[in-house]
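Following: one structure in structure tokens, then a few remarks.
The values are calculated or read from the model by the stated rules, or taken from the named source; none is laboratory data. All of these numbers come straight from a predicted model, not from anything done at the bench. Cβ placement follows ideal geometry from the backbone for every residue including glycine, while neighbour counts extend to all protein chains displayed.
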Amino acid sequence: MSDMTGRKDPFTPVRQRVLPEALKAAVFEGFTPSMLAKAGAAAGVSPAELAAAFPRGPIDLVEYWSGEADRAAREALIGEAAAGLKVREKVVLAIEARLGALGPFKEAARRAGAYLALPHNAPTAARLVWASADAIWRAMGDPSTDFNFYSKRAILSGVLASTMARWFADDSEGERETKEFLRKRIENVMQFEKVKARVRDSSGFDPEGLFGWLGKMRYRAAESERSREEKKVDDALKGTFPASDPPYFAGGAR
């Protein structure tokens with residue numbers, strides 16, 4: 001496997017060997033350092049290789065597994081099954097492909113979900129769900145670079161997280177309930193987008209533009225507040241220094 005620069009990761013073969021053993025052991029032990037050590041031994045990996053492949057321990061293993069599931073989602077989107085599908089259908093296809101990759105190890109996935117829910121793993125959990133959403137949008141050829149770039153990924157992150165939670169608890173035949181839940185969530189998102197478009201078309205008001213405007217106002221207000229504070233300092237110091245060397249707050253003469 002290569003990174004974004006095209007360089008091959010020398011420890012990918014080690015991770016590939018350890019992952020299946022770890023997923024079998026995690027069902028009983030969860031994602032712990034001792035489980036990872038046992039999985040490494042079962043895979044014939046030395047402690048030094050194991051430490052190099054997973055320097056942060058089990059959290060690196062979970063991150064690698066999540067990346068493998070993301071790869072399954074990307075591959076589904078570049079396959080023939082995705083040809084001619086609408087965006088919402090591609091999203092469903094990608095998420096179901098991702099769940100399909102995790103499916104044979106569902107109990108281990110539940111354990112991984114519980115592990116990521118621990119407070120000290122929250123930043124990694126948030127980063128992984130964002131990375132999954134980003135991988136899906138990029139595989140669909142999303143060209144956005146503005147606010148839409150973030151809003152699309154934020155919305156899809158919510159869909160992914162809630163669908164995963166539903167999947168963990170789903171014991172229905174063929175995971176029918178999860179599939180139904182996913183389609184309803186996608187439909188909810190599409191309804192929101194339609195309402196947003198109607199508001200924009202009928203009134204000229206852009207809900208997304210509001211965030212940019214508020215951001216500008218926020219920084220403008222901060223700038224005004226800073227200017228007032230600078231003036232207070234200037235007024236307080238006025239006349240205490242020679243006119244040739246005014247100690248203005250901004251660090252230079254006006």
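Numbers at a glance
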{"item": "Selection within region 78-98 - surrounded by fewer than 17 Cβ atoms within 10 Å (Cβ to Cβ), of a type outside the set (V, I, T) and either assigned to a helix (DSSP H, G or I) or under 19 Å from the mean Cα position of the chain (by Cα) (or both)", "result": "E80, A81, R88, E89"}
{"item": "Check on A114, assigned to a helix (DSSP H, G or I), in contact with a Gly (Cβ under 9 Å, 6 or more places away or on another chain), on the phi < 0 side of the Ramachandran plot and of a type in the set (A, V, I, L, M, F, W, C)", "result": "yes"}
{"item": "Every residue from region 133-186 that is of a type in the set (S, T, Y), over 21 Å from S66 (Cβ atoms) and surrounded by 13 or more Cβ atoms within 10 Å (Cβ to Cβ)", "result": "S151"}
{"item": "A51 vs. criteria free of Cβ contacts under 8 Å to residues at least 12 places away in the same chain and either surrounded by 17 or more Cβ atoms within 10 Å (Cβ to Cβ) or part of a helix (DSSP H, G or I) (or both)", "result": "yes"}
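Yes/no per residue for (1) on the phi > 0 side of the Ramachandran plot; (2) part of a helix (DSSP H, G or I); (3) surrounded by fewer than 20 Cβ atoms within 10 Å (Cβ to Cβ):
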position: R17; (1), (2), (3): no, yes, yes
position: E21; (1), (2), (3): no, yes, yes
position: S34; (1), (2), (3): no, yes, yes
position: A39; (1), (2), (3): no, yes, no
position: R56; (1), (2), (3): no, no, yes
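Condition check ((1) in contact with a strand residue (DSSP E or B) (Cβ under 7 Å, 6 or more places away or on another chain); (2) at pLDDT 95 or above; (3) closer than 17 Å to L102 by Cα) across all residues:
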{"residue": "L128", "(1), (2), (3)": "no, yes, yes"}
{"residue": "S132", "(1), (2), (3)": "no, yes, yes"}
{"residue": "D146", "(1), (2), (3)": "no, no, no"}
{"residue": "I155", "(1), (2), (3)": "no, no, no"}
{"residue": "L160", "(1), (2), (3)": "no, yes, yes"}
{"residue": "R166", "(1), (2), (3)": "no, yes, yes"}
{"residue": "G174", "(1), (2), (3)": "no, no, yes"}
{"residue": "K184", "(1), (2), (3)": "no, no, no"}
{"residue": "F192", "(1), (2), (3)": "no, no, no"}
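Every residue, every condition in (1) surrounded by fewer than 19 Cβ atoms within 10 Å (Cβ to Cβ); (2) within 24 Å of E21 (Cβ to Cβ); (3) not charged (D, E, K, R), yes or no:
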| site | (1), (2), (3) |
| --- | --- |
| A76 | no, no, yes |
| G100 | yes, yes, yes |
| Y115 | no, yes, yes |
| A125 | no, yes, yes |
